[in-house]
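Scroll down for the structure; my scribbles are underneath it.
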Amino acid sequence: MADTFRSTEGLIDALAAAEFDRPPALVSNAHITGLGVARALDAHDVPVIALDRAAGGNAGDGGTETGAVTHDGLAPPSDAVDYAGAVTYPLDDLDGFREDVEAIVDAAGTEAVAFGCMDEWALSYAEADPDGVRLPFAGSDTLDDVLNKSELYAACERLGVPYPETYRLAETAAAGTREADATVDEAADALGFPLVVKPELKRDFEEAFGTNVIEVADREEFADVVAAASDEGIAVMAQKRVDIETGQDHSLASYVPPSGRDDALAVVGNAAVRFPRNFGTSCLVETADEPAIEERALAVLDDAGYHGISESEFVYDEARGEFLLLDVNTRPWKWISMPVAAGANLPMAAYAAVTDAEYESDGVEPTRWVYLRDYLSLLAGEETFWDQLSAADWRRLVSGEFEHEGNLTTGVYRPSDPGPAAKLFETEFVDREYYCSC
């Protein structure tokens with residue numbers, strides 16, 4: 001267990017004294033999603049090195065005997081993580097990130113396999129392309145095509161995959177990758193209000209606006225947001241606000257190997273409960289039988305030439321009576337433990353594809369995933385929310401029996417691996433916030 005989150009130098013020193021019988025996995029970030037990936041790999045005895053930014057950005061020498069630095073993510077206390085430490089945050093300094101990773105791999109004395117668990121980490125591993133690091137996903141050009149919503153929706157148009165009515169805006173076309181469809185006024189007339197403003201590429205937009213989507217209530221607010229995006233050199237689009245059916249958000253969780261979609265490992269998950277209810281992150285997800293979602297998502301990934309782990313997000317449009325593709329995340333995500341528990345260990349399939357390891361799924365079984373912190377917050381604070389877990393579910397959760405029987409798994413809490421949940425209790429009430437909720 002990595003009981004210390006080390007500085008870069010401290011981690012390099014620790015790895016220099018270690019021995020690995022197979023390539024370790026480099027898992028970034030080191031929070032909830034990274035924890036799920038680490039546990040999935042550890043189940044097959046893959047050594048895990050968790051890498052993340054340190055609190056305050058201090059990745060260097062921590063000034064202690066072990067070089068320990070502060071980190072509020074939940075993965076390092078896990079028994080599934082062998083070593084954990086800080087690296088230069090790639091959005092601050094991509095070259096510094098590459099140098100840190102290469103030094104870590106060199107100290108480990110073996111090549112490593114990278115798992116980027118947020119967009120910035122996945123893209124940075126691909127763009128930096130550190131020596132000695134194997135990528136179990138497509139390169140940066142393909143990632144850019146999938147993550148670019150103009151390209152994504154153009155692919156949907158070609159393939160007949162339903163998506164929300166969307167217009168690329170002339171006012172920011174100079175920063176875009178495709179021609180505009182409409183002006184602000186034309187889009188407003190076509191869509192009405194409220195409507196949604198989204199970027200082609202969300203990374204710069206998130207940095208500038210603190211979010212990856214903005215809902216606007218009227219023409220003046222719409223024009224102001226688009227003008228601000230234009231000033232930042234960010235291409236944006238206007239999208240119809242979908243009247244979604246609550247509890248019917250579905251995603252395809254998949255690993256597509258380099259051989260293509262015919263060999264894909266996939267599970268459809270229904271985000272039955274979100275926190276906050278209508279627009280938050282998933283806190284109760286269950287397997288679902290929706291073959292059309294699987295077919296459409298894999299068609300889009302195949303069209304882009306993407307291989308690797310991904311989540312293709314759909315919402316159900318009550319007015320149109322069909323599922324619409326909203327987004328594709330080309331990396332693991334918060335409820336990655338659900339497909340793993342269901343029988344589709346996507347991280348292990350990805351690891352095996354670039355190493356000598358072997359993995360084959362024995363089939364998928366119905367499974368539910370719950371993130372108890374958010375789920376309990378709903379029960380305590382939302383009068384209209386009714387518990388969707390049974391008395392038997394709660395008994396299995398409290399006793400820990402859910403780890404060995406039943407069809408329920410969790411995001412953090414595991415009695416057999418108590419460190420992450422204990423750290424969540426410790427950090428929940430301190431006056432600082434981890435930079436990422438996933």
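Proximity of backbone amide H atoms, modeled 1.01 Å from N, is registered between Leu326 and Glu313, Phe314, Val315 at under 5 Å, excluding neighbours fewer than 5 places apart on the same chain. Under a 5 Å amide H cut-off, with hydrogens placed 1.01 Å from N, Thr409 pairs with Arg368, Trp369, Val370 among residues at least 5 apart or on other chains. Mind pulling the angle between the C-alpha long axis of helix 219-231 and the longest principal axis of the chain? Nearest 10 degrees, somewhere in 0 to 90. For helix 219-231, the angle is close to 50 degrees. Between amide H atoms placed 1.01 Å from N, distances below 5 Å from Arg134 occur with Ala112, Val113, Ala114, all of them 5 or more places distant or on a separate chain. Over region 189-277, the hull volume per residue, using the convex hull of the C-alpha atoms, is 156 Å³. Calculated mean residue ellipticity at 222 nm for the chain: -10000 deg cm²/dmol, from DSSP H runs with n ≥ 4 weighted as -39500 (n - 2.57), summed, divided by the residue count and rounded to 500. From the square roots a ≥ b ≥ c of the eigenvalues of the alpha-carbon gyration tensor of region 233-311, which class results: rounded (a/c under 1.5), prolate (a/b over b/c), or oblate? Oblate. Diffusion of region 1-140 by Stokes-Einstein, at 10 °C in a medium of 1.306 mPa s and with Rh set to the Kirkwood radius over alpha-carbon pairs, works out to 111 µm²/s. A convex hull fitted to the Cα coordinates of region 349-403 yields 146 cubic angstrom per residue. For the chain, find the longest principal axis of its Cα atoms and tell me its angle to the long axis of helix 419-428, 0 to 90°, nearest 10. Between helix and principal axis, roughly 60 degrees. Computed from Cα positions, the angle between helix 372-381 and the longest principal axis of the chain comes to roughly 50 degrees. Note that region 394-408 has calculated 3J(HN,Hα) couplings of 5, 5, 5, 5, 5, 7, x, 5, 4, 6, 10, 8, x, 10, 10 Hz, one per residue in order, obtained from phi through the Karplus relation 6.51 cos²θ - 1.76 cosθ + 1.60 (θ = phi - 60°); glycine and proline are x.
Within region 44-154, what whole-number % of the accessible surface is contributed by carbon and sulfur, with the 1.4 Å probe and all protein chains included in the calculation? Of all accessible area on region 44-154, carbon and sulfur atoms account for 36 percent. In terms of the mean number of neighbouring beta-carbon atoms within 10 Å, the peptides 153-160, 299-306, 377-384 order highest first as 299-306, 153-160, 377-384. Each Lys and Arg adds +1 at its Cβ and each Asp and Glu adds -1 at its Cβ; summed about the Cα centre, the chain shows a dipole of about 800 debye. Accessible surface computed residue by residue for the chain, with neighbouring protein chains in place and a 1.4 Å probe, gives 42 Å² per residue. Each of Val133, Ile309, Ser251 was scored by the projection of its Cα onto the charge dipole of the chain, and the greatest displacement toward the positive side belongs to Ser251; charges sit on the C-beta of Lys, Arg, Asp and Glu. When DSSP beta bridges are restricted to pairs lying wholly in the chain, around 70% turn out antiparallel. Please label the shape of region 190-232 as rounded, prolate or oblate, based on the square roots a ≥ b ≥ c of the eigenvalues of the alpha-carbon gyration tensor (a/c under 1.5 means rounded; beyond that, a/b larger than b/c means prolate, else oblate). Here region 190-232 falls in the prolate category. Measuring between their Cα centroids, region 92-166 and region 363-438 lie 30 Å from each other.
Taking the Kirkwood radius as Rh and the Cα radius of gyration as Rg, the chain has a ratio of Rg/Rh equal to 0.96.
Taking every alpha-carbon pair under 8 Å whose residues sit at least 6 apart, the chain reaches a relative contact order of 16 percent. One quarter of the surface of the convex hull around the alpha-carbon atoms of region 318-358 equals 4.5 nm², the direction-averaged projected area. To put it simply, the accessible area of region 180-248 at a 1.4 Å probe is 40 percent carbon and sulfur. With an a/c value of 1.5 or above and a/b not larger than b/c for the gyration tensor axes a ≥ b ≥ c computed over the alpha-carbon atoms, region 343-438 is described as oblate.
Across region 196-211, computed HN-Hα scalar couplings (Karplus, 6.51 cos²θ - 1.76 cosθ + 1.60, θ = phi - 60°) run 10, 9, 10, x, 4, 10, 7, 4, 5, 5, 4, 5, 7, 10, x, 7 Hz from first to last residue, x flagging Gly and Pro. Per residue, the convex hull spanned by the Cα atoms of region 160-200 amounts to 86 cubic angstrom.
Residues considered: Leu51, Leu191, Leu11. Largest GNM mean-square fluctuation over the chain, using C-alpha springs under 10 Å, is found at Leu191. Put simply, when 221-231, 283-293 are sorted by average Cβ atoms within 10 angstrom per residue, most first, you get 283-293, 221-231.
Rounded to whole numbers, the Karplus 3J(HN,Hα) couplings from phi for region 92-104 are 7, 7, 5, 5, x, 4, 4, 4, 4, 5, 5, 5, 5 Hz, using 6.51 cos²θ - 1.76 cosθ + 1.60 with θ = phi - 60°, and x at Gly and Pro.
The values are calculated or read from the model by the stated rules, or taken from the named source; none is laboratory data. Please read these numbers as outputs of a predicted model, since none were measured by experiment. Heads up, the Cβs are rebuilt from the backbone with ideal geometry, glycines too, and the neighbour counts pull from every protein chain shown. Heavy atoms of the whole protein, side chains included, go into the accessibility calculation; ligands, DNA and RNA do not. Shrake-Rupley method; radii C 1.70, N 1.55, O 1.52, S 1.80 Å.
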